[in-house]
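> This is the structure I have questions about; it appears just below.
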Amino acid sequence: MSIVLSNVNKIYQSGEVTVHALKNVSIEIPDQEIVAILGPSGSGKSTLLNVIGGIDRHDEGEITVHHYELSKLKDKELTEYRRQSLGFIFQQYNLMPTLTVSENVEVGSELSQNPLNMKEILEKVGMWDKKDKFPYQLSGGEQQRVAIARALIKNPQVLLCDEPTGALDEETGKKILSLLKYVNETYGTTVCIITHNNGIGEMAHKVIRMKSGEIMEHFYNEQPVDPEKVKWV
Ligand SMILES: Nc1ncnc2c1ncn2[C@@H]1O[C@H](COP(=O)(O)OP(=O)(O)OP(=O)(O)O)[C@@H](O)[C@H]1O
C-alpha cells in the first residue's frame, strides 16, 4: 500500500497566465520509506505535496494513497482523509502562540480517532520537560519538534514535510532530520520531505528530482546516509 500517481496534471490559471505546475507526473512513493523530493524553485514540489495531501485538487490523472483514490473523494471525505492519514510539517512551525507545548500537541490529538499518548510522543521528540512552555519561549528547532509531535500524535501513515529544516541552522536541521528518521523507523511512517537542500537526498531511501513540473529522475539510495552526516548545502 503506497502512494501512486499516474499521469497527474495540475494547471493553475490566474487571469491570462496559465502555469502547468505538474505535467504527466507518474511516480510511486513506497510505504514506510523516506522520500526526498528535490528540485529548483517553481519546479512543482509543493504542488506535488499539496495534491498528495488533499490540500489542492489535481486536474487530470489518478492519485491513490493507500485505499483512497483522491479524485473520487468529495470535499468532506478529503478532509477526513487528511485528518486520519496524514501529518503535515512546514518550514513555518504554525504553532498557536497562546497555547503551551502540550496544548498545541493536544490540537493534533483532537483531530484523531486513535491518538497516541501525549507523554510518549513528547518524550520521543525530546520536549516533555518543556510541555508547559509557550512557543515564544522555545528555539526554532524546539518549535519544529513540537510541530512534529502535533503531527505525530495522530499516528498518521504519512508525514508530508515541506522544507522542514528551511528555517533552521545546520546543526539543528540535522537533529530534526534524525528525528524524522527515528519516526520512520519507530512508527513505520512514510516520510516525504520537500527540500532545496540536495544533501537531504542522501538520507532518503528514495529520491525524486523535479524540474518544470516534471519528474527528471528518481532513484533509490543503496545506503542512505546518517542524517548527521549529510552534506548541508
Ligand atoms: N496557487 C497558485 N496559483 C497560481 N500559480 C501557482 C500556485 N501555486 C503554485 N503556482 C505556480 O506553480 C509552479 C510550481 O510551484 P510550486 O510552489 O509547486 O514549486 P516549488 O518547487 O515548490 O517551489 P519552491 O521551492 O519555491 O517552493 C510555479 O510556477 C508557481 O508559481
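Every number in this text was worked out from the coordinates using simple rules, so none of it is lab data. A quick note: this is a predicted structure, and the numbers were derived from the prediction, not measured. A quick note on method: Cβ atoms are made from the backbone with ideal geometry, for glycine too, and the neighbour counts reach across all protein chains shown.
> Can you pull out the GluC sites (Glu not before Pro) in region 178-233 that DSSP calls coil and that have at most 15 other Cβ atoms within 10 Å? Walk me through the numbers on the way to the answer.
Details: sites: Glu185, Glu202, Glu214, Glu217, Glu222, Glu228; in loops: Glu222.
Sparse-neighbourhood loop GluC sites (Glu not before Pro): Glu222.
> I've got another one for you. At a Förster distance of 30 Å, what's the computed FRET efficiency of Glu170 paired with Ile55, Cβ-Cβ distance as r, to 0.05? Each step should come with its number before you reach the end.
Numbers: r = 29 Å, r/R0 = 0.97.
Once the sixth-power term is evaluated, E becomes 0.55.
> In whole Hz, with x marking every Gly and Pro, tabulate ³J(HN,Hα) for region 191-197 from phi via Karplus 6.51 cos²θ - 1.76 cosθ + 1.60, θ = phi - 60°.
Here the 3J(HN,Hα) series is 10, 9, 10, 8, 7, 8, 7 Hz.
> Would you kindly state how much longer the chain becomes between Tyr136 and Leu73 on full extension, computed as 0.36 nm times their sequence separation minus their alpha carbon distance, in nm to one decimal? Mind showing how you got there, number by number?
Numbers: separation 63, 0.36 × 63 = 22.68 nm, distance 3.86 nm.
Working it through step by step, the gained length comes to 18.8 nm.
> In the calculated pair distance distribution of the chain, what percentage of Cα-Cα distances lie above 24 Å? Could the numbers behind the result be given before it?
Values: 11683 of 27028 pairs.
Looking at the chain, the distances longer than 24 Å represent 43 percent of pairs.
> How high is the relative contact order of region 1-156, in percent, with contacts defined as C-alpha pairs under 8 Å that are six or more residues apart? Don't skip to the end; give the middle numbers.
Numbers: 230 pairs, mean separation 32.9, N = 156.
Rounded, it is 21 percent for region 1-156.
> A follow-up question, please. Counting only DSSP beta bridges with both residues in the chain, what percent are antiparallel, rounded to the nearest 5? The partial results should precede the final answer.
On the way: 22 of 41 bridges.
If I count the DSSP bridges inside the chain, around 55 percent turn out antiparallel.
> Turning to a different aspect of this structure: Which angle between 0 and 90 degrees, to the nearest 10, do you get for helix 170-187 versus the longest principal axis of the chain when only C-alpha atoms count?
With both axes taken from Cα atoms, the answer is about 80 degrees.
> How high is the FRET efficiency from Arg83 to Lys119, r the C-beta distance, R0 25 Å, rounded to 0.05? Show your work: numbers first, answer last.
Values: r = 22 Å, r/R0 = 0.90.
Step by step, r from the Cβ atoms, then E = 0.65.
> What do you get when you divide the Cα radius of gyration of region 28-88 by 2.2 N^0.38 Å, with N the number of residues? Write out the running numbers ahead of the final one.
Working: Rg = 12.0 Å, N = 61, 2.2 N^0.38 = 10.5 Å.
After normalising by residue count via 2.2 N^0.38 Å, the value is 1.14.
> Given a Förster distance of 41 angstrom, what is the FRET efficiency for Gln13 paired with Ser178, based on the Cβ-Cβ distance and rounded to 0.05?
Values: r = 41 Å, r/R0 = 1.01.
Step by step, r from the Cβ atoms, then E = 0.50.
> For region 105-233, what does the relative contact order come out to in percent, with C-alpha contacts under 8 Å and a separation of six or more? It would help to have the intermediate numbers written out before the result.
Details: 161 pairs, mean separation 27.7, N = 129.
Relative contact order for region 105-233 comes out at 21 percent.
> When only C-alpha pairs under 8 Å and at least 6 residues apart count, what is the relative contact order of region 95-181, in percent? Write out the running numbers ahead of the final one.
Values: 96 pairs, mean separation 31.0, N = 87.
The value is 36 percent.
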